Amino acid sequence: NHETTQLILSQIKKSINQDSQILDLGSGSGILSIAAIKYGAKHVTCIEYDRDCEDNFFYNMKLNNISTGYTLLFKDVLSITDFDYDFIVANINKKIIIQLLPNIKKFRTKKCKVILSGLLKNDENELMNLINQLGFYFIESTTKGEWVCLVIE
């Protein structure tokens, strides 16, 4: 029910297709991964740092009758060097996103859409400056309540 989750879900719904390979950074309970699979994604790689999320993640997968189509890895999203996916979703805090964007730019070898949230409206200008500085292409910004979702490529 959180606004940031709703913002990313709306982007997933209108973007994902059957051939989509998704990277879900900060997977938590798996809600965004579940939606991506339900909307037809070919595969979702789920990255989560907090092992306390594991039971809830697998419970939600089972609750949604999902047993394949995803891989769950427990690691720091800032240690990732493989960003060759069709879509990257990150519903995490501003501090991590600011550190993550240069890594995506550096290690990505193919064009992909990046959907970012976990950001307050007040964070938008700072993030847009970084997005422009790194040479990402800005696609869209949506808001709900005090939260913003940025879509870049």
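The values are calculated or read from the model by the stated rules, or taken from the named source; none is laboratory data. The structure presented is a predicted model; accordingly, all values stated were derived computationally and were not measured. FYI the Cβ positions are ideal-geometry reconstructions off the backbone, even for glycines, and counts take in every protein chain you see. Areas reflect the complete protein model, heavy atoms only, side chains present, ligands, DNA and RNA absent. Shrake-Rupley method; radii C 1.70, N 1.55, O 1.52, S 1.80 Å.
Points worth noting:
- Considering region 17-37, and only residues there that are part of a helix (DSSP H, G or I) and closer than 19 Å to Asp76 by Cβ, the residue that is most open to solvent (accessible area, probe 1.4 Å) turns out to be Leu32.
- Cross-chain or 6+ apart pairs with Cβ under 6 Å, region 123-147 first and outside any strand (DSSP E or B), then of a type in the set (D, E, K, R): Asp123/Lys94; Leu134/Lys105; Tyr137/Glu153; Gly145/Glu3; Glu146/Lys121
- Considered as a group, the residues in region 104-122 that are hydrophobic (A, V, I, L, M, F, W, C) and in a strand (DSSP E or B) include one that is nearest to Phe83 (Cα to Cα), and that residue is Val114.
- Evaluation of Glu146 against (1) under 20 Å from Ala35 (Cβ atoms); (2) of a type in the set (D, E, K, R); (3) loosely packed, with under 12 Cβ neighbours inside 10 Å (one fails), failing number: (1)
- Qualifying residue in region 21-29 (condition: under 17 Å from Leu7 (Cα atoms) and over 14 Å from the mean Cα position of the chain (by Cα)): no
- Of all the criteria given as (1) free of Cβ contacts under 8 Å to residues at least 60 places away in the same chain; (2) under 15 Å from Thr4 (Cα atoms), the one not satisfied by Phe107 is (2).
- From Ser27, Ser79, residue being over 27 Å from Thr142 (Cβ atoms) and of a type in the set (Ser, Thr, Tyr): Ser79
- Residue match in region 114-121 (condition: more than 15 Å from the chain's Cα centre (by Cα) and either surrounded by fewer than 20 Cβ atoms within 10 Å (Cβ to Cβ) or within 24 Å of Asn17 (Cα to Cα) (or both)): yes
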